[in-house]
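Colleague: Below is one structure. I have some questions about it.
The values are calculated or read from the model by the stated rules, or taken from the named source; none is laboratory data. Treat the numbers as computed from the prediction; the structure is a model and nothing was measured. Note that we place each Cβ from the backbone using ideal geometry, even for glycine, and neighbour counts take in every protein chain shown.
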Amino acid sequence: MTKKVGHILERIADKDNLRLAVKNSQRGGKAKRRKQIRDFNEDSEKNIDILHEMILNLDFPEHYSRKLTRKADKGKIRKLDDEDYMPWKIMSHAIMQVIEPIVNKMMIADTSCCIPGRGCLYGVKRVKRLLRRNPEYTWFTQSDCKKYYQSISPEYMERVLRHKFKDKKFIRLMNICVFDYYGGDEIEETIENERTKKERSANWRIHKRVDRESQPQRDRPHNDGGVSRQVAPELRRHGDVGPDEAGGPLPAE
């Protein structure tokens, strides 16, 4: 049975943890120029005390977000939810600083790109080692889940956390600060279309189709018997062709 972790709420509300969360949430020059951050920093210790009481009493203001559209470096348009700095952006860091080490232990060794110290290079090395140890694994598929985070059910995430954490107040805190989103019908339709498209491509790329008759290969040179007889013995030394079409024993190596 999984050993559950307790006293999470108190660790999140710890003032040293909140000070670190404030520091991490203000990294970068642009962030510090925001009016909400400047207002918070005018009396940061008093605001930390207020946030400390909010967490222990689970008494937060109404949580709402603003929809923003941003263009990424490569030109991709992203739709983001912008929250107030106090308390929501600070709470995101305060929660993750406590539960991230615990959650990371639940990940498999191949999980990369989202864990400090396990970037893209780590993932590439893991794949290369897998292929060296298992040369029979020759198929791969590349995929990208659209609207991945919005499509995760809050109810499912709550069940996962209840399996690991026994602090009921912490679960209530997550429902207040994190699990109050809903992807909407548009997200569900996008996910269903993406799933259908991937099922069609998987049948063609990975599995041999039994409902299609084999078609002759086009634009390939005709292989006459003379060429085959000349090169077959040499190729067979490297395991590239079958029995000698010309007949007779193979030449000595």
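Colleague: Quick check on segment 54-67: of everything there that is loosely packed, with under 11 Cβ neighbours inside 10 Å and either more than 15 Å from residue 172 (Cα to Cα) or aromatic (Phe, Trp, Tyr) (or both), which residue is nearest to the chain's Cα centre (by Cα)?
Modeller: 67
Colleague: State all residues of segment 28-47 that are exposed (fewer than 12 other Cβ atoms within 10 Å of the Cβ) and part of a loop (DSSP other than H, G, I, E, B); if no residue qualifies, say none.
Modeller: 28, 33, 42, 43
Colleague: Of the residues that make up segment 144-165, is at least one surrounded by 10 or more Cβ atoms within 10 Å (Cβ to Cβ), farther than 29 Å from residue 192 by Cβ and not β-branched (Val, Ile, Thr)?
Modeller: Yes; the residues of segment 144-165 include at least one that is surrounded by 10 or more Cβ atoms within 10 Å (Cβ to Cβ), farther than 29 Å from residue 192 by Cβ and not β-branched (Val, Ile, Thr).
Colleague: Report, ordered by the first and then the second residue, all pairs with beta carbons closer than 8 Å, sequence separation of six or more or different chains, a first member in segment 81-95 that is closer than 10 Å to residue 25 by Cα, and a second member that is among the acidic types (Asp, Glu).
Modeller: Listed by first residue and then by second, the contacts come to 89/83.
Colleague: Within the group 212, 200, 162, which residue is more than 30 Å from residue 87 (Cβ to Cβ) and at pLDDT 65 or above?
Modeller: 200
Colleague: In segment 69-79, is there at least one residue being out of contact with any Cys (no Cβ under 8 Å at 6 or more places or on another chain), in contact (Cβ under 8 Å) with a residue 12 or more places away in the chain, within 30 Å of residue 33 (Cα to Cα) and surrounded by 10 or more Cβ atoms within 10 Å (Cβ to Cβ)?
Modeller: Yes, the conditions are met somewhere in segment 69-79.
Colleague: Among the numbered criteria (1) on the phi < 0 side of the Ramachandran plot; (2) among the small types (Gly, Ala, Ser); (3) within 29 Å of the chain's Cα centre (by Cα), which single criterion is violated by residue 28?
Modeller: (1)
Colleague: Could you list, in sequence order, all residues of segment 3-39 that are aliphatic (A, V, I, L, M) and either over 19 Å from residue 173 (Cβ atoms) or at pLDDT 85 or above (or both)? Outline the logic, then answer.
Modeller: Kept after step one, since they are aliphatic (A, V, I, L, M), are these residues of segment 3-39: 5, 8-9, 12-13, 18, 20-22, 31, 37.
Correct list: 8, 9, 12, 13, 18, 20, 21, 22, 31, 37.
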